[in-house]
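What follows draws every value from the coordinates through simple rules; no lab data is involved. Note that the structure is predicted; figures quoted are calculated from it, not measured.
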Amino acid sequence: MSRQKTILFACGTGIATSTAVNVAVTEAMKKRGLTFNAQQAKATEVPGLADSVDFIVATTPISASVTKPVIKGLAFLTGIGKDKVLDEIEAQLRK
Amino acid sequence: MSEGLMQLLDPEAIVLGSDASTNEEIIRILAGRLESLGYVKSSYADAVVRREMTIPTGLPLERADNVAVPHTDPEHVLKPGIAMGTLKKPVTFANMEDPDEKLPVGFVFLLAINDKDKQIEALQSVMATIQNPDALDGLRSARTLDDVRAVLG
């Protein structure tokens, strides 16, 4: 049984689009039988928080100094390419 | 469908077929509505305009008229609300994910958000509308509030 992973959802304000993405990913992963811990933050806060999470899903650009995997979350706002991004997230959660 | 969005949009904060020619102009028009309706502080409009320059909110939908969702920090918000503007001619917003890319935007949803846990449904219904090409096409041709209601329910 592997440890529950933590995803950091990031956007410009840390409350608007990251909330929408967090909810969309949580619902979709539940359907795939996966749960995770969720945190939300402003994009500018990510470098300071990245060490304590497994990976990041962001709707805005994230500093290149962050070494944890960053998955682009815009698909959950536009609806375009959502399944591919969900597969990426699932793969990270199953690692 | 995009059920519910109409309940969250203040009818007084809907601007159809705006002549605005820049993103700042449409943001200020919509922010002015939210301010006079008591949703946001007078600092909100400047804060959104400033933020849009560095952290843009254009969403690429592979359309000639894409969507933008400008917003800013909760400290400028008095109570949650959403304003919507449609544009006669698209104005330019930068892409949220790639600020160097410019997008023609025909629909602006200006968000006044101050509590993420209570405003999840509002955000979800905005996203559902954005992801529904028929709803966007309906909004583009809407000229009256009744037209908007027919699209958004």
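Using the empirical formula 2.2 N^0.38 Å as the baseline, the Cα radius of gyration of the protein assembly as shown reaches a ratio of 0.98. Taking Cα centroids, how far is the stretch A:52-72 from the stretch B:1-38 in Å? If we compute the Cα centre of each part, the gap is 32 Å.
At 0.36 nm per residue, and after removing the present C-alpha to C-alpha distance, how many nm does the segment from A:Thr6 to A:Arg94 gain when stretched out fully?
Gain in length upon complete extension: 30.5 nm.
Full extension of the chain segment joining B:Glu62 with B:Asp46 gains 2.8 nm, where the gain is 0.36 nm per residue of separation less the Cα-Cα distance.
Seen through its C-alpha gyration tensor, with square-root eigenvalues sorted a ≥ b ≥ c, chain B comes out rounded because a/c lies under 1.5.
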